[in-house]
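Right, one structure below, let's go through it.
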Amino acid sequence: MFDWSHVVWQTSSHSGGNSCVEVAFVDDRVAVRDSKDRQGPVLVFTHREWDAFMGGVRGGEFELPAQR
């Protein structure tokens with residue numbers, strides 16, 4: 001099991017200190033956790049998976065449908 005306590009976590013400057021996710025780049029992996037639950041689970045992705053996710057974000061793939 002990996003010890004996440006020594007990892008440098010980053011939060012988006014757009015979060016304004018509110019509830020957000022934190023990201024850490026560790027060797028060949030990208031880790032993501034909930035800033036409200038820092039002792040909770042950590043999701044870990046490869047760089048390829050992270051790049052695909054970020055491409056989807058930038059491309060609007062995760063936009064909410066228009067409200068009726």
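Read-outs throughout are calculated quantities, based only on the coordinates presented, and are distinct from any laboratory measurement. In this text the structure is predicted, and so the values were computed from the model without any measurement. Because the Cβ atoms are built from the backbone with ideal geometry, glycine has one as well, and the counts that use them run over all protein chains shown.
Quick notes
- Three-way shape label, the range 19-61, alpha-carbon gyration tensor, a/c 1.5: oblate
- Across the options V26, P41, W4, the greatest Cα extent toward the positive end of the charge dipole of the range 1-50 (unit charges at beta carbon of Lys, Arg, Asp, Glu) belongs to P41.
- Per-residue [θ]222 nm for the chain (sum of -39500 (n - 2.57) over DSSP H runs n ≥ 4, rounded to 500): -5500 deg cm²/dmol
- Sorting the segments 21-34, 51-64 by their mean number of nearby beta carbons within 10 angstrom, highest to lowest, gives 21-34, 51-64.
- For V26, distant residues with modelled amide H under 5 Å away: A31
- Cα-centre dipole for the chain with unit charges at Cβ (Lys and Arg positive, Asp and Glu negative), debye to 20: 220 debye
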